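Chemist: Have a look at the structure that comes next, please.
Please treat every number below as a calculation from the coordinates, not as lab data. Not measured: the values here are computed from a predicted model. Positions of Cβ are generated from backbone atoms using ideal geometry, with glycine treated the same way; all protein chains shown enter the neighbour counts.
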Amino acid sequence: MVVYDSMERASRLGVRRLGRLGVPVVRVDVMGVRDLRGFDVVVHCAAYVDVAESMENPGIYFSNNVVGTASVAKASADSGSLMIYVSSASVYGDPVAIPIPEDHPIKPISPYGLSKAMGEQVVELFSRIYGLKYIILRLFNVYGPGQSQSYAGVITRFIESVLRKEPPRIYGDGTQTRDFIHVSDVARAVELAIERKAYNEIFNIGSGKRISILELARLI
């Protein structure tokens, strides 16, 4: 296994942990990926992921998340590698059905969500014209140790508030619900997708359980 990262927004602690595990980390910009020969599977997680930032500066999201995905997808196709595209449930926008099925309409409500939806279209197009083998995983709200403070999800922010002995900050009335999934379960989902050879399919990756923000705050 080899990790490719631009190091632009990488966690130094995460990089050191990979080093202790003997996993090499190569500094490569996602838009500069050209040769992936020798890799059976490419798990494409590289993306800008801050929704608020995408609203302020959408251009960098389309450049990095869409053009970068095209670069990885073409290199994967040329090398004959299976590409796991890590997408997001944000492609659905405001859901009209709960639980959300994979065939739910795609109507993103942020430049970030749109960039992930466009990335999916790139992957599917490259499958048709270049023979790319792919699996798309639409992740819901992921949490776990080592989560970046810059893009921390609500669970991380609530825990930090409790540790500082401050009340959790809740936006809105707190009745909005989320589906949270631990990062270890996401890793297992990637393993299962590869093991079962679910080529050219799309899967939602979540816990399947909804919890309101108020309930979450009480639990923490």
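Chemist: Can you give me the angle between helix 68-79 and the longest principal axis of the chain, using Cα atoms only, in degrees from 0 to 90, rounded to the nearest 10?
Modeler: Taking the Cα atoms of the chain, the angle to 68-79 is about 40 degrees.
Chemist: While we're on this one: Considering only L36, S11, L21, whose Cα is most displaced toward the positive end of the charge dipole of the range 9-65, charges sitting on Cβ of Lys, Arg (+1) and Asp, Glu (-1)?
Modeler: Selected residue: L21.
Chemist: Where does the chain land at 222 nm, in deg cm²/dmol rounded to the nearest 500, when only DSSP H runs of n ≥ 4 count, each adding -39500 (n - 2.57), divided by all residues?
Modeler: It lands at -11000 deg cm²/dmol.
Chemist: Less than 12 Å from a label point 7 Å out along the Cα-to-Cβ axis of D40: which backbone N atoms in the range 81-98 qualify, by residue?
Modeler: Flagged as within label range: 82.
Chemist: Using 14 Å as the cut-off for backbone N distance, which residues of the range 67-93 belong to the label zone defined by a point 7 Å from the Cα of V51 along Cα→Cβ?
Modeler: Hits in the range 67-93 for V51 at 14 Å: 88-93.
Chemist: In whole Hz, what ³J(HN,Hα) sequence does the range 190-206 give by Karplus (6.51, -1.76, 1.60; θ = phi - 60°), x for Gly and Pro?
Modeler: Those phi angles translate into 5, 4, 5, 4, 5, 4, 8, 6, 7, 5, 6, 10, 10, 10, 6, 10, x Hz.
Chemist: How about the range 174-217: which chymotrypsin sites (Phe, Trp or Tyr not before Pro) there lie in a loop by DSSP and see at most 16 other Cβ atoms within 10 Å?
Modeler: Taking the range 174-217 and a limit of 16 other Cβ atoms within 10 Å, the loop chymotrypsin sites (Phe, Trp or Tyr not before Pro) found are Y199.
Chemist: For M83, enumerate residues with amide H under 5 Å from its amide H, sequence gap 5+ or separate chain, H modeled in the peptide plane.
Modeler: V42, K133, Y134, I135
Chemist: Among S127, P108, S76, pick out the residue whose Cα is farthest towards the positive end of the charge dipole of the range 60-154, where Lys and Arg carry +1 and Asp and Glu carry -1 on C-beta, about the Cα centre.
Modeler: S76
Chemist: Find, among the trypsin sites (Lys or Arg not before Pro) in the range 82-176, those assigned to loop by DSSP (not H, G, I, E, B) with at most 16 other beta-carbon atoms within 10 angstrom.
Modeler: R164, K165, R169
Chemist: For the chain, take the longest principal axis of its alpha carbons; what is the angle in degrees between that and the long axis of helix 111-130, to the nearest 10 within 0 to 90?
Modeler: 20
Chemist: A follow-up question, please. Using the per-residue mean of other Cβ atoms lying within 10 Å as a proxy for protection, in what order, highest first, do the peptides 41-47, 181-187 fall?
Modeler: Peptide ranking by packing, descending: 41-47, 181-187.
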